[in-house]
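In what follows, a single structure is set out as structure tokens and then discussed.
The values are calculated or read from the model by the stated rules, or taken from the named source; none is laboratory data. Note that the structure is a prediction, hence the values are computed from the model and not measured. Ideal geometry is used to build each Cβ from the backbone, glycine not excepted, and the neighbour counts take in all protein chains shown.
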Amino acid sequence: MTPAAGEPASGSAPIAAGRVGRPHGLDGSFYLTRPRPRLISLGGRVRVGEQTLEIVRLAGTDKRPIVRLEGVSSREQAEALRGAELTVDSLDAPSLQQGEWWAHELEGCQVADGERVLGTVIRMIELPSCEALEVEPAAGGATVLVPMVRDAVRSVAPSEKRIDVDLDFIGVALPEPGDAS
């Protein structure tokens, strides 16, 4: 992450907490796929479709949690939810540490090195070694991945919709402002 301080979210937005996977047992429990453990807790509330439900069972591991939601009491009901996304309202999400941001805060931010604009953040993705910003180049062409590491990202200012990066570290060459190339 970058050395800049994290800023609070402006307004409320849903944050993906995982997806309903295959049922586990007969009581309505299911595996949670693509889990975000910081967002899942016993007694916590998640949104599934149009419903907000309480987590009444949490077992398994952070990588393979087993969850049961209030009102889901059979294997068939859990199967009916399979593939549904669980979300948590950003206002209900746990506080982040300095230098951390939720993905929705960075989407739409302009990515630049000084006055040289690379493009706009489409989304944040999780790679095996770090998170990265997927950036749609302002000049067109293939998307660029910007690793969320100190050497690549100088500062993040979601309230200003701007992320300052080191294009040399990333390996992207853009013309200097005023160049006629």
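Just to be sure I understand, how many residues within the stretch 69-98 are among the aliphatic types (A, V, I, L, M) and either in contact with a Cys (Cβ under 9 Å, 6 or more places away or on another chain) or in contact (Cβ under 8 Å) with a residue 60 or more places away in the chain (or both)? Talk me through it step by step, then tell me what you get.
In the first step, residues of the stretch 69-98 are kept if they are among the aliphatic types (A, V, I, L, M); the result is 69, 72, 78, 80-81, 84, 86, 88, 91, 93, 96.
Checking which are either in contact with a Cys (Cβ under 9 Å, 6 or more places away or on another chain) or in contact (Cβ under 8 Å) with a residue 60 or more places away in the chain (or both) leaves us with 81, 84, 86, 88, 91, 93, 96.
Residues in the stretch 69-98 being among the aliphatic types (A, V, I, L, M) and either in contact with a Cys (Cβ under 9 Å, 6 or more places away or on another chain) or in contact (Cβ under 8 Å) with a residue 60 or more places away in the chain (or both): 7 in total.
Is at least one residue of the stretch 99-122 loosely packed, with under 15 Cβ neighbours inside 10 Å, more than 19 Å from Pro14 (Cβ to Cβ), of a type in the set (Asp, Glu) and in contact with a Pro (Cβ under 7 Å, 6 or more places away or on another chain)? Checked against the condition, which is being loosely packed, with under 15 Cβ neighbours inside 10 Å, more than 19 Å from Pro14 (Cβ to Cβ), of a type in the set (Asp, Glu) and in contact with a Pro (Cβ under 7 Å, 6 or more places away or on another chain), the stretch 99-122 yields at least one hit.
So that you can scan it fast, the table gives a plain yes or no per residue for (1) at positive phi; (2) among the aliphatic types (A, V, I, L, M):
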residue	(1), (2)
Gly28	yes, no
Tyr31	no, no
Arg38	no, no
Leu42	no, yes
Arg45	no, no
Thr52	no, no
Arg57	no, no
Thr61	no, no
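Evaluate the stretch 137-144: report whether one residue or more is assigned by TED's automatic domain parsing to the domain that holds Val20, of a type outside the set (Phe, Trp, Tyr) and in contact with a Pro (Cβ under 8 Å, 6 or more places away or on another chain). Full working, then the answer.
Narrowing the stretch 137-144 to residues assigned by TED's automatic domain parsing to the domain that holds Val20: none.
Looking through the stretch 137-144, none of the residues is assigned by TED's automatic domain parsing to the domain that holds Val20, of a type outside the set (Phe, Trp, Tyr) and in contact with a Pro (Cβ under 8 Å, 6 or more places away or on another chain).
For the stretch 121-171, a residue qualifies if it is part of a loop (DSSP other than H, G, I, E, B), touching an Asp or Glu at 6+ places or on another chain (Cβ under 8 Å) and touching a residue at least 60 places away in the same chain (Cβ under 8 Å), and exactly one does: Met148. The test for being assigned by TED's automatic domain parsing to the domain that holds Glu126 and either more than 29 Å from Ala157 (Cβ to Cβ) or touching a residue at least 40 places away in the same chain (Cβ under 8 Å) (or both) holds for Gly108. Checking the stated criteria, Ala80 turns out not to satisfy the condition of being farther than 16 Å from Arg19 by Cβ and either touching a Leu at 6+ places or on another chain (Cβ under 9 Å) or assigned by TED's automatic domain parsing to the domain that holds Gly21 (or both).
Scanning the stretch 54-66 for residues being within 17 Å of Ala16 (Cβ to Cβ) and either surrounded by 17 or more Cβ atoms within 10 Å (Cβ to Cβ) or of a type in the set (Val, Ile, Thr) (or both) gives a total of 2.
A search for C-beta distances below 7 Å between a residue of the stretch 54-66 that is within 11 Å of Thr33 (Cβ to Cβ) and any residue that is in a strand (DSSP E or B), counting only pairs 6+ apart in sequence or on different chains, returns Arg64/Tyr31; Pro65/Leu32; Pro65/Leu58.
The set of residues in the stretch 67-83 that are exposed (fewer than 15 other Cβ atoms within 10 Å of the Cβ) and assigned to a loop (DSSP other than H, G, I, E, B) comprises Glu70, Gly71, Ser74, Arg82, Gly83. Ile163 meets all of the listed conditions (1) under 22 Å from Thr33 (Cα atoms); (2) touching a Leu at 6+ places or on another chain (Cβ under 9 Å); (3) not acidic (Asp, Glu) but one, namely (1). Note on the stretch 86-120: residues that are at positive phi and either basic (Lys, Arg) or at pLDDT below 85 (or both) total 1. If you go through the stretch 159-171 one residue at a time, do you hit one that is of a type in the set (A, V, I, L, M, F, W, C) and surrounded by fewer than 16 Cβ atoms within 10 Å (Cβ to Cβ)? The answer is no; no qualifying residue exists.
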